[in-house]
Every structure is written in structure tokens, then in C-alpha cells.
1. Can you give the relative contact order of the chain as a percent, counting alpha carbon pairs under 8 Å and 6+ residues apart?
2. Provide, for q = 0.10 Å⁻¹, the log10 of I(q)/I(0) from a solvent-free Debye sum over equal Cα point scatterers in the stretch 5-100.
3. Cα centroid distance between the stretch 279-300 and the stretch 207-228, in Å?
4. Assuming a ≥ b ≥ c are the square roots of the Cα gyration tensor eigenvalues, decide whether the stretch 79-197 counts as rounded (a/c under 1.5), prolate (otherwise, with a/b larger than b/c) or oblate.
5. Can you sort 38, 189 so the residue with the fewest Cβ neighbours within 10 Å comes first?
6. So what is the relative contact order of the stretch 90-236, in percent, for Cα pairs below 8 Å that sit 6 or more residues apart?
7. How compact and how long is the stretch 233-321, expressed as Rg and Dmax of its alpha-carbon atoms in Å?
8. Extension gain residue 283-residue 299, at 0.36 nm per residue separation less the Cα-Cα distance, in nm?
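We did not get these values from a lab; they are worked out from the coordinates using the rules stated. As the structure is a prediction and not an experimental result, all values here were calculated from the model. FYI the Cβ positions are ideal-geometry reconstructions off the backbone, even for glycines, and counts take in every protein chain you see.
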């Protein structure tokens with residue numbers, strides 16, 4: 001019986017999000033804790049799972065704040081390292097009228113890029129049921145090696161490998177490199193969560209169902225989820241396909257929605273066991289994940305405002321009335 005349900009490796013940063021206008025007419029920015037892997041863990045912790053994070057922050061005010069917030073979310077921070085020479089990564093988020101976002105990153109370098117294989121606590125990889133990662137920990141050579149070594153160790157220890165590309169174009173020296181690292185993730189994962197814009201970029205295919213079927217056939221991925229924003233989501237197992245619409249909510253911003261969705265998929269896998277899910281099971285999985293993601297879009301930030309299971313179930317019930 002492994003002690004940790006999900007260990008995630010990757011970026012932990014501050015998202016400065018717009019929160020009103022000052023009396024002088026300047027935008028007021030709120031320092032929200034962020035970073036896709038920890039967002040996933042925060043939702044999983046909210047659902048009662050044992051989680052651990054592997055990453056690096058700066059030995060600065062933001063790094064200290066992030067450590068506290070992550071610990072308060074119930075995530076094991078024993079794998080969170082500090083860099084005394086490089087500051088915590090910052091992201092400035094501009095929210096569009098439809099709730100979508102533009103990002104400006106201060107990360108050249110950022111502390112999350114400084115993670116080395118020697119920094120990684122091996123017990124967090126050997127003792128987890130699922131290992132989750134994205135591509136942002138592969139944007140620089142040192143942290144890429146730490147990521148790849150961690151994947152190999154976790155896989156060898158019997159963990160399922162979960163991958164969310166989470167493409168952020170400004171952080172790559174070229175999209176060709178981004179695609180190369182994304183393909184590495186596809187070649188090593190058991191569970192792929194990918195967004196509509198990412199799968200179109202990766203395959204050149206505008207038909208998301210056809211694109212996912214191509215990836216499944218080429219890389220032999222047992223479970224693929226495609227998030228479609230407010231339109232809902234798709235799921236592909238070795239036994240079935242399912243499509244479930246999204247929920248109509250008053251969206252404020254979409255930060256963390258995909259991470260929340262991903263966490264709920266992993267929650268289903270942990271609760272039900274990993275297998276070739278039938279259509280009804282996939283629909284059950286997607287319904288819960290869509291509802292949780294919708295709730296997050298009604299709140300500012302992500303990591304610290306994840307919904308409870310009861311809130312998600314209440315939205316599902318209200319939609320059926």
C-alpha cells in the first residue's frame with residue numbers, strides 16, 4: 001500500500017491577477033499562488049487524497065508564501081526546495097472579457113527551472129500511486145533531466161504516469177522544442193489530459209475526436225482526456241469514447257480550470273481503479289470533472305480556492321433539475 005496517492009513535479013509560482021482599479025486609475029494586481037502541478041494536487045487534497053509536490057522556489061518572500069499556502073492545502077512539501085540565488089517565478093495574468101487569459105512571465109531564469117535530479121527526494125516517487133507532470137519543467141536542461149529521471153523512477157516503481165502538456169508558448173525558445181518535449185510526455189504517459197488548442201497545435205487537426213484517436217493509436221495511451229473549455233470534454237479509453245457538455249456558470253477567469261479537471265480525472269482513477277473504462281464510466285468521470293472546473297472559473301485564483309466534493313455534487317444536481 002503506497003503512502004502517497006499522487007506526487008506531482010513542476011512549476012510553483014505567483015500569478016499576479018487583475019483585481020480592480022486603484023483610485024489613481026492603475027490596475028490592482030493580486031498575488032495568487034499558482035502553477036499547474038500544485039493546482040492539481042490542491043484539488044486532489046480537497047477530495048481527500050494524499051499528495052506530495054516536487055519543485056523549487058526562491059528563498060524570497062514569494063517562495064516562503066508559496067510553501068505555506070501549499071502546506072495549508074494539505075500537500076506534502078518535503079520535496080519543495082529553495083534556491084538562494086534565483087527568485088521565485090512570477091506570472092502576470094491579463095484576463096479577457098470572456099474569462100480567458102494572456103500571460104507575461106518573469107522567469108529567465110526562475111527558481112522552478114533550477115530543480116536538479118539531486119534535489120528530488122526519491123521516496124516521493126517510489127511511494128506514489130500516480131506521478132503527474134507537465135512540459136514547463138522541461139524548458140531548461142537541468143530541470144528537464146530531473147523530470148525525465150523522476151518519470152523513469154516512478155514508472156519503474158509501478159506508478160501510473162499522468163501528463164498535461166500545459167503549453168505556455170512564451171516560455172519556450174521555439175515551438176519545435178516544445179513539440180519535441182510534448183512528444184516525450186506522450187511516449188511515457190498512461191493518462192493524457194490535453195486541451196483543445198494544444199491538441200490542434202500538436203496534430204494540425206481541427207476535429208478533436210479524430211486528433212485524439214490519432215494520438216491514442218500512435219502512442220498507445222490507455223486514457224486520453226480532451227478539455228474543451230465551456231463546451232465540455234471528451235474521453236477515450238481502450239474500450240469506449242464519451243463526450244459530456246460543460247456547465248453554464250458566471251465565469252470570472254479560467255485560471256486553474258484545466259488543472260481542476262485533470263485532478264478530478266485522477267480522483268476517479270484512484271477511487272475506481274485504472275482500467276479500460278466503459279462509456280458510462282467515462283461519462284461519470286467527465287461530468288464530475290466538468291462541474292469542478294466550472295466552479296473554479298467563478299473564483300479568482302486556483303490553488304487556494306478549489307471546490308469541495310459537496311459543491312461539485314450540488315452543481316451536478318442543480319443541472320439535472
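1. Relative contact order here is 17 percent.
2. -0.30
3. The distance from the Cα centre of the stretch 279-300 to that of the stretch 207-228 comes to 19 Å.
4. It is oblate, given that a/c is not under 1.5 and a/b is not larger than b/c.
5. With the fewest neighbours first, 38, 189 line up as 189, 38.
6. Relative contact order for the stretch 90-236 comes out at 17 percent.
7. 12.9, 38
8. On the way: separation 16, 0.36 × 16 = 5.76 nm, distance 2.53 nm.
Contour length minus Cα-Cα distance gives 3.2 nm.
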